[in-house]
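Input: a single structure, listed below in structure tokens.
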Number of protein chains: 2
Amino acid sequence: MKTQPRQNLTHQLTHDLGFAIVRGVYPVSEGLPSEADLCIKYNVSRSATREAVKMLSAKGLISSRPKQGIRVLPESSWNMFDTDVLRWILSSKPSLSLLKEFTQVRVALEPQAAALAAVSATPEQLAEIDNALARMADADEGLDDPLEADIAFHTSILVASNNRFFVQLTEFISTALRVSIRYTNHIKGVPGADVNKHADILDTIKSGNPERAKKAVETILEEALELIESKLD
Amino acid sequence: MKTQPRQNLTHQLTHDLGFAIVRGVYPVSEGLPSEADLCIKYNVSRSATREAVKMLSAKGLISSRPKQGIRVLPESSWNMFDTDVLRWILSSKPSLSLLKEFTQVRVALEPQAAALAAVSATPEQLAEIDNALARMADADEGLDDPLEADIAFHTSILVASNNRFFVQLTEFISTALRVSIRYTNHIKGVPGADVNKHADILDTIKSGNPERAKKAVETILEEALELIESKLD
DNA sequence: AGTTCATTATTGCTTAATTATATATCATAT
DNA sequence: ATATGATATATAATTAAGCAATAATGAACT
């Protein structure tokens, strides 16, 4: 794992430490090296270290108190809906069971988002979904990236829900999807997604029928979930 | 809004700035005062300021670059699943439409979590839900806090889903629920929740029937949603 | 054995100086 | 006039060094 330089030292260090923590380099509820030791180890100043520590504690990975030192918090308090944290987790321990759990979340969220979109999407938002669908069709011809087109389709529905929480989840979904889709397509043995089924989803949303929209998304996601679960046994 | 002193200066400043940003004191995509000005305004050192800025940027509220200064990011990039951010938002602009959106998220998540719990909850986890239900009953007699008992019930189901993402959402749900339940009970004119309906949920989970568990939770949440929507017109 | 007190490791906080990096300004050349 | 490029400037980035506050540990004293 090469760690290409980030925008600045603090971010670089935040990334390095965060990734190390997620990888389990430092035992949970045990200690990281002290600030002073981290300075030496990473050859940076105390301030840079402290700023990185503060960022990681803002993301729920660690806590730091005088004399006690810096402690890794239990996984349950890590903010997995922070895309940095999620990326670190996915790139260090991309387990199949985590993909299953992620897909279970999608099964909960995306059908509901589609139902809301069916009721409240603006013409511009519908055009955006349409556009993503066109990209998926292009991708079938090798004219676009199938992965990114697929992601764009699903996130554009979240945006069209006009619910701030769902909109906020676009980053989360697309981050995990970037790993998940690649995997499911791989085990299906196909390079891209089924454009027709995605077109169905858009139709139901356009027709303004929340129940049908919900069902259409549910169908496609349950399929993905079953595919993953079948590999888990 | 009194700002009681937090555990330390940096956290205090993070809270003050975060709350001010969410309240809209600093125009979005415009600038906060420069680090130097913030030092003067809050009478703290440069390092304390920088650490607070780093924490807020870790939560997606701001970005900071040389010459450009510190900018408030658009709301869509605020990490609303961070409990600090959520609390700031709820205590500064607790709008009814935000409660509606939150409840829509609950409608998506909690039925699915209950379905998973029906399939995979351990005896200890079931006991935990049971315990929360008992607290709700006690609260009916004035022997416990109805709000906290209700929250405990709903979060214990999330935990029993044995899905890391749902478990992670307990903090999010309970933070928003603390505002939401108080409001819905207020407009219903009752002090606590309907214990019988909650007991039904536990029964369906215990019986191991995911579909019925899902339906049971859906029912109770759709009710809450309709209540809120009826007040929005 | 328990309580108090000193020791000590570690983070918390301040100050100050230097460096890097964007942005804007202005001069120059086309 | 309009690009182009050099220069200035504002701002964060980074380092350094020291003192303060805090909490865990162990020692001393009932």
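The values are calculated or read from the model by the stated rules, or taken from the named source; none is laboratory data. Fair warning: this is a prediction, and the values are worked out from it, not measured in the lab. FYI the Cβ positions are ideal-geometry reconstructions off the backbone, even for glycines, and counts take in every protein chain you see. For the accessible areas, the whole protein counts, side chains as well, though only heavy atoms, and no ligand, DNA or RNA atoms are used. Shrake-Rupley method; radii C 1.70, N 1.55, O 1.52, S 1.80 Å.
What spacing in nm lies between the two simple spin-label points modelled at B:Asp16 and A:Glu211, each 7 Å away from Cα in the Cβ direction?
5.6
Based on the Cβ-Cβ distance from A:Arg6 to A:Glu222, what FRET efficiency comes out when R0 is 35 Å, to the nearest 0.05?
0.35
So what does B:Tyr183 come to for accessible area, using a 1.4 Å probe and Å² rounded to 10?
60
Excluding residues on the same chain fewer than 8 positions from A:Lys59, give the aspartates and glutamates whose Cα lies under 15 Å from its Cα.
Result set, ordered by chain and number: A:Asp16, A:Glu51, A:Glu75, A:Asp82, A:Asp84, B:Glu51, B:Asp82, B:Asp84, B:Glu171.
With every protein chain left in place, what is the accessible area of A:Lys214 in Å² (1.4 Å probe, nearest 10)?
40
Using the Karplus curve 6.51 cos²θ - 1.76 cosθ + 1.60 with θ = phi - 60°, what ³J(HN,Hα) values do you get for each residue of the stretch A:130-143, in whole Hz, with x for Gly and Pro?
3, 4, 5, 4, 4, 5, 5, 5, 4, 4, 4, 8, x, 9
Can you figure out the FRET efficiency of A:Ser97 with B:Lys67, using R₀ = 41 Å and their beta-carbon distance, to the nearest 0.05?
E between A:Ser97 and B:Lys67, to the nearest 0.05, is 0.35.
Tell me the mean residue ellipticity at 222 nm calculated for chain B from its helices only (DSSP H runs of n ≥ 4, each -39500 (n - 2.57), averaged over every residue, nearest 500).
Theoretical 222 nm ellipticity from helices: -23500 deg cm²/dmol.
Can you tell me which of A:Gly60, A:Gly192, A:Gly24 moves the most in a GNM of chain A? Springs connect C-alpha atoms under 10 Å apart.
Maximum among the listed residues: A:Gly24.
Taking N as the number of residues in the stretch A:95-232, what is its Cα Rg relative to 2.2 N^0.38 Å?
Rg over 2.2 N^0.38 Å, computed on Cα atoms: 0.97.
For the stretch A:139-233, which GluC sites (Glu not before Pro) are in a loop by DSSP, counting at most 12 other Cβ atoms within 10 Å?
A:Glu141
May I ask which of A:Lys206/B:Lys215; A:Lys214/B:Lys206; A:Lys100/B:Lys214; A:Lys100/A:Lys206; A:Lys93/B:Lys214 have a Cα-Cα span longer than 21 Å here?
The pairs that break the limit, which is 21 Å between Cα atoms, are A:Lys206/B:Lys215; A:Lys214/B:Lys206; A:Lys100/A:Lys206; A:Lys93/B:Lys214.
Return one whole number: the accessible area per residue of the protein assembly as shown in Å², for a 1.4 Å probe.
Normalised by residue count, the accessible surface of the protein assembly as shown is 45 Å².
With +1 on the Cβ of every Lys and Arg and -1 on the Cβ of every Asp and Glu, and nothing else charged, how large is the dipole of chain A about its Cα centre, in debye rounded to the nearest 20?
The calculated dipole for chain A is roughly 1340 debye.
Amide H of A:Ile62 versus every other amide H placed in the peptide plane: which residues, excluding those fewer than 5 positions away on the same chain, fall under 5 Å?
Here A:Ser57, A:Leu73 satisfy the definition.
To one decimal in nm, how far is A:Gly142 from the same spot in the other copies, if labels go 7 Å from Cα toward Cβ? Please give the shortest first.
7.9
When the accessible area of each residue in the stretch B:137-170 is compared between its chain alone and the complete protein assembly (1.4 Å probe; ligands, DNA and RNA ignored), which residues differ by at least 50 Å², being lower in the assembly?
Residues losing area: B:Arg164, B:Phe165, B:Gln168.
Return the inverse of the average 1/r over all pairs of distinct C-alpha atoms in the stretch A:9-77, which is the Kirkwood hydrodynamic radius, in Å to one decimal.
11.7
Which ³J(HN,Hα) values, rounded to whole Hz and listed in residue order, are derived for the stretch B:19-27 from phi using the Karplus coefficients 6.51, -1.76 and 1.60 in 6.51 cos²θ - 1.76 cosθ + 1.60 with θ = phi - 60°, glycine and proline given as x?
So the J values, rounded to whole Hz, are 5, 5, 4, 5, 6, x, 4, 10, x.
Pop a pseudo-label 7 angstrom from the Cα along the beta-carbon direction at both B:Leu143 and A:Ser76 and give the gap in nm to one decimal.
Output for this residue pair reads 2.6 nm.
List, in order, the whole-Hz ³J(HN,Hα) value for each residue of the stretch B:197-203 obtained from phi through the Karplus relation with A = 6.51, B = -1.76, C = 1.60 and θ = phi - 60°; use x for Gly and Pro.
5, 5, 5, 4, 4, 4, 4
Using alpha carbon centroids, what distance separates the stretch B:58-124 and the stretch B:189-233, in Å?
Between the Cα centres of the stretch B:58-124 and the stretch B:189-233 lies a distance of 22 Å.
Counting just the Cα atoms, what span does the protein assembly as shown cover along each of its three principal axes? Round to the nearest Å and put the largest first.
Dimensions of the protein assembly as shown along the principal axes of its Cα atoms: 67, 56, 46 Å.
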